[in-house]
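The next block holds one structure in the form of structure tokens; read it before the comments.
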Amino acid sequence: MSATSATREDRNELRATKEEKRILATAAAYERLDVTSFIMRNVLPAAREVMDRAERIVLSERDTVRVLELLENPPEPTPALMAAARRRAERK
């Protein structure tokens, strides 16, 4: 369900100067939108982009090949890894 067809029930407060409020109201009127819809239409794509950059890891081709190689042929566990696994198992 898209954000525009869902009922907006939660609130966010926004502090703005009188000039900022006037600019938002004027821009919203030019787009024939209420101020909330204008803000949401313009801010949500930017918020999604920020989230996408923060939550996605982009690997170079070289790194992608290396990760795939490690997945297909994992190295033998090191003594430190084995010790950590034993400590973890003992805590359960």
> In the stretch 33-43, is there at least one residue being among the charged types (D, E, K, R) and not in a loop (DSSP other than H, G, I, E, B)?
Replying inline: yes
> Within the stretch 5-13, is even one residue touching a helix residue (DSSP H, G or I) at 6+ places or on another chain (Cβ under 8 Å), in contact (Cβ under 8 Å) with a residue 24 or more places away in the chain and surrounded by 10 or more Cβ atoms within 10 Å (Cβ to Cβ)?
Replying inline: yes
> Right, Val58: assigned to a loop (DSSP other than H, G, I, E, B), free of Cβ contacts under 8 Å to residues at least 12 places away in the same chain and either surrounded by fewer than 11 Cβ atoms within 10 Å (Cβ to Cβ) or touching a Cys at 6+ places or on another chain (Cβ under 7 Å) (or both) or not?
Replying inline: yes
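No value in this document is a laboratory result; all are computed from the given coordinates. All values reported here derive from a predicted model rather than from experimental measurement. Here the Cβ is made from the backbone with ideal geometry for all residues, glycine too, and neighbour counts use every protein chain on show.
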